[in-house]
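The block underneath contains the structure these notes are about, expressed in structure tokens.
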Amino acid sequence: MKKITISVLVVALCYIATVFYIGNKTETVFQDYIANSDKSSKELYDVSVKLVSYKKSFLSSSAEVEIDVINPPLRADLVEFINLPIKSNFIVNHGPIFFHDQLTFGLAKVDSNIVASEVIANAYLEEFNNYVSGDVVISTSIDFNLSGKIKAKSIIDGIDITSESKNERLAFTPIAIIIETDSNKVDSYKSSLQFKDFTINSDDFYVNVSGVRVDSNIQRMFGGIVPIGVNKGSIDDIMIRSSGLGLQPINLSIKSNTSTSESSSKLLAEGSVNLTLKNSDKFSIPIP
């Protein structure tokens, strides 16, 4: 019995020591992740990502991040409509063991939500609430692997906006964005963007886009700005109808494949786009 008790105590102490170590390491890894995000966002989008605070406890930590636009003219235009900087609070759960949906291992799991009503400027908030049913949330979860790999997934809630006259409607289903990186190779990443359906509808015009997906596999950055790698995109179905123009409905699909590479310090790019008209038999004039 004494040996069992000692063994249990040793295991418990080892676990506590591991969690304490990972808690300290997680802070460093998260700070580096935000710093790398800030660097790339500034270079590509004129957007800064700043870690404002990080409060650490034993099993979890909390962090506050501010996202801002650093281009003065653009910021001056945007600040009329949205509150800048955008503030996001993160809950950082320390590893190495997680018991959420299933038993998993990792360095940390991070969750954050940005709510649209907190971002939209007060002058436009009432109008937003009149047209949009319920709030819109951007939820983000980030998994930090023990090997240094990082997987971030963001879900943007779907929106259904209808005009007061009920004659105009804009709607799209939730948008999912996944980015996979490696803390040891900050310039390389894999990404995916996809959503099921997007619709614009009015008295004389209708557009429906479904099955949208864009995948990227980037090896590195050329000049710190241009991604070197492969991009693939597809739209399963596009339907366009317009009674005002007197045209036949157009139903098509699109697939694209582009790649960029470097040779002798020169940027090379190639690509293809495949457009398929699904209802070509409905047109009186032959489609080449």
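Details
Results for (1) in contact (Cβ under 8 Å) with a residue 60 or more places away in the chain; (2) over 19 Å from the mean Cα position of the chain (by Cα); (3) surrounded by fewer than 16 Cβ atoms within 10 Å (Cβ to Cβ), shown as yes or no for each residue.
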| position | (1), (2), (3) |
| --- | --- |
| N201 | no, yes, yes |
| Y206 | no, yes, no |
| S216 | no, no, no |
| G233 | no, no, no |
| S243 | no, yes, yes |
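- Test for V214: is it touching a Phe, Trp or Tyr at 6+ places or on another chain (Cβ under 7 Å) and either not in a loop (DSSP other than H, G, I, E, B) or not assigned by TED's automatic domain parsing to the domain that holds L44 (or both): no
- Those helices (runs of 4 or more DSSP H) lying entirely in the stretch 67-184 with at least 1 residues of a type in the set (F, W, Y) and closer than 28 Å to R213 by Cα: 122-131
- Residue check, G148 within 26 Å of V52 (Cα to Cα) and in contact with a helix residue (DSSP H, G or I) (Cβ under 6 Å, 6 or more places away or on another chain): no
- Some residue of the stretch 149-158 being over 30 Å from V29 (Cα atoms) and not hydrophobic (A, V, I, L, M, F, W, C): yes
- Verdict on L252 being touching an Asp or Glu at 6+ places or on another chain (Cβ under 9 Å), part of a strand (DSSP E or B) and either at pLDDT 80 or above or surrounded by 12 or more Cβ atoms within 10 Å (Cβ to Cβ) (or both): yes
- Some residue of the stretch 160-177 being without any contact (Cβ under 8 Å) to a residue 40 or more places away in the chain, closer than 28 Å to S60 by Cα and surrounded by fewer than 16 Cβ atoms within 10 Å (Cβ to Cβ): yes
The values are calculated or read from the model by the stated rules, or taken from the named source; none is laboratory data. Quick caveat, the model's predicted, so the values are computed rather than measured. Don't worry about glycine lacking a Cβ; one is built from the backbone with ideal geometry, like all the others, and counts go over all protein chains shown.
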